[in-house]
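Undergrad: Have a look at this one.
The values are calculated or read from the model by the stated rules, or taken from the named source; none is laboratory data. On a predicted model such as this, the values are computed, not experimentally measured, just so you know. Here the Cβ positions follow ideal geometry from the backbone for every residue, glycine too, while neighbour counts run over all protein chains shown.
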Amino acid sequence: MAYTAEINRAKPTAFFFLIDQSGSMDDPYGLDSGKRKCDAVADAINRLLSTLVLRCAKGEDVRDYFQVGVVGYGGAVRTGFSGPLSQRQFVPISEVADNPLRVEQRMRKEDDGAGGLVERPVRFPVWFEPYANGNTPMTAAIEETRKIVQAWCELYPLSYPPVVINISDGEPTDGNPVPASEALKQIGTNDGKILFFNIHISGSAKRPIEFPDSEVGLPDEFAQRLFNMSSVLPPRLVDEARREGYSAAPNSRGFAFNADLRALIQFLDIGTRTAELR
Amino acid sequence: MPSFLTEPEALLPYAEPGVDPGPDRQRRKLPDAVAYREALQHPEAHLGFPDLARGSVARGRDGLPLAYSGRFAVVFRVAAPDGSAWALRCFTSPDRLSERSLHWQGVARYADVLPTLLLPVRFLERGVRVDGAWYPAVAMPWASGEPLLVFVKRHLAVPGALTALAESLGQALARLEAAGVAHGDWQHDNLFVSENGRGVTLVDYDGFFTPDWATGAGQAIEIGHPNYQHPGRNAESIGVGIDRFAYRAMRAALLALARDASLWDRFGGDGESLLFSRQDYAAPHDSRLFAEVRRLAESDGGLADALAELETDCALPAPTVLPALTLRPEVGVWVRDRRVRVPVGNDDGTVPSCTRFRPYPERLGAMEAAGAGRRNVTAARAFLLAAALSIWASAALTGWSFFTAVLAAACAHWFLFGYYLNWPRKRVWDALHQELGKLTVEVAGLEERKRAAFEGPVGPPTCCEAVVRERTRESLQRVSISRALAAPGIRRETVRLLRSVGIESARDLSDAGPLPAPLRGGAEAARLRLWCRETERSFAERHARNVSPERRRAARVRALEQQIARRRRRMRELQAEGSTIRGAGLHAYLAAILMGRA
């Protein structure tokens, strides 16, 4: 059965992020006027990386259950992290944990419990800067990712198949990305084909959508195309999503509209297994 | 023991936000580990319990709180102002969250029964505040000792420590089983070893089994670490004895390591298991590790026994759950256990009732979860297509003839009765409205009867006389004849005499014919008769007051009103349930078929 490989340090799984850094990401994001799409993307990816790190954390010890690779596309296709992790196609999660670009102090407004708002400084690790420039070579980026993922799968043929997450506003400038994504989805390990998930960051202020099972109700053609490019969730992940209170159906896809899919990382069983859903 | 575990929780140092941890919380998504880590950066503002809020959270090199992640929760280490270290367990998975507080109360009770093996735990309804909302958490002392693998690695060259540890694990298992509980997830991250292998502490009680709180409806939320569990373990394998397999695997591994420490480098040491892994259990005869251990066991009786037990277990299709230790729900007691008796049921001593039907939306949910809605819609789609085709074919062949019209009508009929009425949402909707309709009719009938009772004639007093007479006689029966002594001029001898002829009560006296000879005709007999009549009259008056026609009518009206109120209450419930079911009309059905919004 596919998608049942145990994730452990000898057989880690991998997450590859494709990040849209094109000029269109400079547009405002949602109703949150002060924020641009590229800020939203940078926040989403930094938070996803934090989630990955924490999922593997046992105190100071971050166990290498995951490896992480990144491909940015805006003007051109760039692979790898910036800073100390640059020049690497995939990096074990413990090294990611140890090498953020910096740990920022952000001010967070919150309810002070007495009806007012209070600002508190919160430390927030940052691996990615917001960046927006040039056109959107999504197809080229997917093809580049395919090579990297292919190499990874050859190194870890017994592992749980890697998850590729594309974060974009969905307007490629280098042609139709569907054939490239179909080719990408044909790669896999012995445990199944890779999972290609898409996160659509949109300027429209529609409510977030996660794990839809049909393109009906998605706000625009870009969202629909990204939905159609996304892999169908394996049954086990559907079960986990339902257990966590998401309304996932058997043909739900790994697609999110203005949401960040971070729940997926929690769904992967590491160590103790969850019981099958009733 | 720090005050923390016993002090009431309500002492919050600041005003409570208007967040109601109501039933919705079950569905609310919980914060993830990152959100908890942000909140823990300011314990004074985000922790509910004063001792913890004043404490400090352990942080890593980057200044962020250190987190220990699991599948269901993330744990932070908090040092209270008095220097004691606490583990704060924050839930990241909402799975059966509503049952958690009961689960942890159950665990807390056994933590008292099994000191040192289990740590005292405290479920905090208001554990951590994230984005203005409170989330529950569990606090427990930080476990002392070393994690299992760290201990084993450090003592590879000390066989005595490893065998001592195997021994302590056996004692730990025996204590758990004697108490009638099971931990459910014995594994390297959940076992802490102290005192050179002679002390063992278990942490992480998410899968803990207690007889009064069989996690969920007798189902486990998790099935343990695969490298320590029987390959056949599933959600149903829960109960006392579920830890035996892990214990046997650990004992065999520890005794083998005590004989040959080189096994550690060859088979363990990767941090994922002690020695044996899931693959070894699934096929012991193909396993190189089992072969090695068998060889070692040839010269070690203890190891041979341990290995034989493990191999026997592996050969079984499912893990052992002790059969005699089952619950008898009808009496609510733990059958075999002699030490701990905990009743099954709610905290107020009542046993949860099972007689109520499931609410309609739940029934619909169950049907849809089983895929009934989707199947129906898919079949209807196919039917509509086939019907359209055959009508079209008929029209093409015979023109718009009578036959085509009949065919179309038959198809429409079939579609309505065969598919639409069987659509789960429609069926549940109909059932709900049927019940509602029945209740409406009943309420109308009851209202009518109430009005009739109210407006109708009061009824002749005679209808009550028989009742009054009967009740008076019953009351007289309860008045002992000795009470006659209270009346003036009645002697003890007289009462004794009456008793001797079988007159025991006022009623016997009233029914008696002539009194015995010594009394007959005397003044005392007259006094007795007077006492008897007086008593009878006072009872008759009292009962007549209670069964007057007006009272009877009022009681009747009250009873009818109660019946009406009961039905109205149920109707309101039904209306509320109905409002949560989305439209079940024909147009909604057609929308579901055509647009796929099932």
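Undergrad: Pairs, please: C-beta under 8 Å, at least 6 apart or cross-chain, first residue aliphatic (A, V, I, L, M) and in the stretch B:529-553, second assigned to a helix (DSSP H, G or I) and buried (at least 16 other Cβ atoms within 10 Å of the Cβ)?
TA: B:ALA540/B:VAL468; B:ALA540/B:THR472; B:ALA544/B:CYS464; B:ALA544/B:VAL468; B:VAL547/B:CYS464; B:VAL547/B:VAL468; B:VAL547/B:ARG471
Undergrad: Are there any pairs, at least 6 apart or on different chains, whose C-beta atoms fall under 6 Å, with the first in the stretch A:85-108 and over 26 Å from A:PRO121 (Cβ atoms) and of a type in the set (Gly, Ala, Ser) and the second modelled with pLDDT under 90 and buried (at least 16 other Cβ atoms within 10 Å of the Cβ), and if so, which?
TA: A:SER86/A:GLY80
Undergrad: Follow-up. Within the stretch B:412-426, how many residues turn out to be in contact with a helix residue (DSSP H, G or I) (Cβ under 7 Å, 6 or more places away or on another chain) and over 14 Å from B:ALA379 (Cα atoms)?
TA: Total satisfying the criteria: 2.
Undergrad: Something else: Can you tell me which residue among B:VAL138, B:VAL181, B:VAL152 is touching a His at 6+ places or on another chain (Cβ under 9 Å), more than 14 Å from chain A (Cβ to nearest Cβ) and buried (at least 24 other Cβ atoms within 10 Å of the Cβ)?
TA: After ruling out the rest, the residue left standing is B:VAL152.
Undergrad: Considering only the stretch B:34-79, state which residues are of a type in the set (D, E, K, R), in a loop (DSSP other than H, G, I, E, B) and more than 9 Å from chain A (Cβ to nearest Cβ).
TA: Passing the criteria: only B:ARG54.
Undergrad: Are any residues in the stretch B:525-550 closer than 21 Å to B:ARG473 by Cα and under 50 Å from the mean Cα position of the chain (by Cα), and if so, which ones?
TA: Correct list: B:ARG542, B:HIS543, B:ARG545, B:ASN546, B:VAL547, B:SER548, B:PRO549.
Undergrad: Take A:SER247 and decide whether it is over 14 Å from the mean Cα position of the chain (by Cα) and within 14 Å of chain B (Cβ to nearest Cβ).
TA: Considered against the rule, which asks whether it is over 14 Å from the mean Cα position of the chain (by Cα) and within 14 Å of chain B (Cβ to nearest Cβ), A:SER247 comes out as yes.
Undergrad: Taking the residues in the stretch B:80-94 that are in contact with a Gly (Cβ under 9 Å, 6 or more places away or on another chain) and within 11 Å of chain A (Cβ to nearest Cβ) as candidates, determine which candidate is surrounded by the fewest Cβ atoms within 10 Å (Cβ to Cβ).
TA: Ranking the candidates gives B:PRO94 first.
Undergrad: Which one is farthest from the other protein chains (Cβ to nearest Cβ) among residues in the stretch B:184-196 that are assigned to a loop (DSSP other than H, G, I, E, B) and of a type outside the set (A, V, I, L, M, F, W, C)?
TA: B:GLY184
Undergrad: Would you confirm whether any residue within the stretch B:109-129 is within 27 Å of A:LEU268 (Cα to Cα), in contact (Cβ under 8 Å) with a residue 40 or more places away in the chain and not in a strand (DSSP E or B)?
TA: no
Undergrad: If I ask for residues that are buried (at least 19 other Cβ atoms within 10 Å of the Cβ) and either within 18 Å of B:GLY60 (Cβ to Cβ) or away from chain B (no Cβ under 12 Å) (or both), which ones from the stretch A:102-125 would you list?
TA: A:PHE124, A:PRO125 - these are the residues of the stretch A:102-125 that are buried (at least 19 other Cβ atoms within 10 Å of the Cβ) and either within 18 Å of B:GLY60 (Cβ to Cβ) or away from chain B (no Cβ under 12 Å) (or both).
Undergrad: Considering only residues of the stretch A:32-55 that are closer than 12 Å to A:ARG262 by Cα and among the polar types (S, T, N, Q), which is surrounded by the most Cβ atoms within 10 Å (Cβ to Cβ)?
TA: A:SER50
Undergrad: Okay, next question. Would you kindly identify the helices (runs of 4 or more DSSP H) lying entirely within the stretch A:166-254 that contain at least 2 residues that are surrounded by fewer than 16 Cβ atoms within 10 Å (Cβ to Cβ)?
TA: A:178-185, A:221-229
Undergrad: Do any residues in the stretch B:52-69 that are in contact (Cβ under 8 Å) with a residue 60 or more places away in the chain have Cβ atoms under 9 Å from those of residues that are surrounded by 15 or more Cβ atoms within 10 Å (Cβ to Cβ) and not in a strand (DSSP E or B), where the two are at least six apart or on different chains, and which pairs are they?
TA: Cβ pairs passing all conditions: B:LEU52/B:PHE4; B:LEU52/B:PRO43; B:LEU52/B:ALA80.
Undergrad: Scan the stretch B:280-290 residue by residue and report those that are in contact with a Pro (Cβ under 9 Å, 6 or more places away or on another chain) and loosely packed, with under 15 Cβ neighbours inside 10 Å.
TA: B:ALA282
Undergrad: While we're looking at this one, here's another question. Can you pull out every residue in the stretch B:506-531 that is among the small types (Gly, Ala, Ser) and surrounded by 17 or more Cβ atoms within 10 Å (Cβ to Cβ)?
TA: Listed by number, the residues that qualify are B:ALA506, B:SER510.
Undergrad: Starting from residues that are without any contact (Cβ under 8 Å) to a residue 60 or more places away in the chain and in contact with a Phe, Trp or Tyr (Cβ under 9 Å, 6 or more places away or on another chain), keep the ones in the stretch B:232-255 and report whichever is surrounded by the fewest Cβ atoms within 10 Å (Cβ to Cβ).
TA: Here the residue is B:ALA253.
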